[in-house]
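The values are calculated or read from the model by the stated rules, or taken from the named source; none is laboratory data. Because the structure is predicted, anything quoted here is derived from the model rather than measured. Cβ placement follows ideal geometry from the backbone for every residue including glycine, while neighbour counts extend to all protein chains displayed. Surface areas here come from the heavy atoms of the whole protein model, side chains and all, with no ligands, DNA or RNA. Shrake-Rupley method; radii C 1.70, N 1.55, O 1.52, S 1.80 Å.
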Amino acid sequence: MDDSIHFMTRLRKELQTGKNLIYGLKRTFIETGEAIIQTTIILVAGFGLLIFSQFGVTHFTGLLIAASLIFALLADLFLLPILLLPMKKKWDEKFQKRIAKAPNLPK
């Protein structure tokens, strides 16, 4: 959840500068992709240590949490941008209105 918020916050900042959605997504990947991957690796490593427990409940808890974090990473990097693409038309309309009102915005 934290990575999704991180991704969406950065995308919002990119879009507020007047950029279109596709360019904003590219910049968001460049700016936040590494941080999202690093935090996931750290968390998976931390919870992955629980896998070495002899106690079954702790072992499977570590396994499930680590797997959940990996699937969340994949969803943040692949599924979230795909879900945002249908909004492209709406963002492009906003972008065109903003340019019409203030022609000196960066393109």
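Give a residue-ordered list of calculated ³J(HN,Hα) values for the range 13-21 (Karplus: 6.51 cos²θ - 1.76 cosθ + 1.60, θ = phi - 60°; whole Hz; x for Gly, Pro).
Listing the rounded values in order: 4, 5, 6, 5, 7, x, 7, 7, 5 Hz.
If you roll a 1.4 angstrom probe over the protein chains with everything in place, what fraction of the accessible area of the chain belongs to carbon and sulfur, to the nearest %?
69 percent
Can you spot the aspartates and glutamates whose alpha carbon is less than 18 Å from LYS101's alpha carbon? Ignore those fewer than 8 places along the same chain.
Filter leaves ASP92, GLU93.
What full-extension length gain, to one decimal in nm, is calculated for THR39 and ALA100 as 0.36 nm per residue of separation minus the Cα-Cα distance?
17.9 nm
Computed from these coordinates, which is percent of Cα pairs over 18 Å apart: (i) 49; (ii) 57; (iii) 41?
Matching the structure shown: (ii).
Using θ = phi - 60° and the Karplus form 6.51 cos²θ - 1.76 cosθ + 1.60, what ³J(HN,Hα) does each residue of the range 23-29 get, whole Hz, x for Gly and Pro?
5, x, 5, 4, 5, 5, 4
Mind checking the dipole of the range 2-85: about its Cα centre, +1 per Lys or Arg Cβ, -1 per Asp or Glu Cβ, Debye to the nearest 20?
For the range 2-85, the charge dipole is close to 300 debye.
What distance in nm separates the simple spin-label points at SER4 and LYS89, each placed 7 Å from Cα in the Cβ direction?
So the two model labels end up 2.5 nm from each other.
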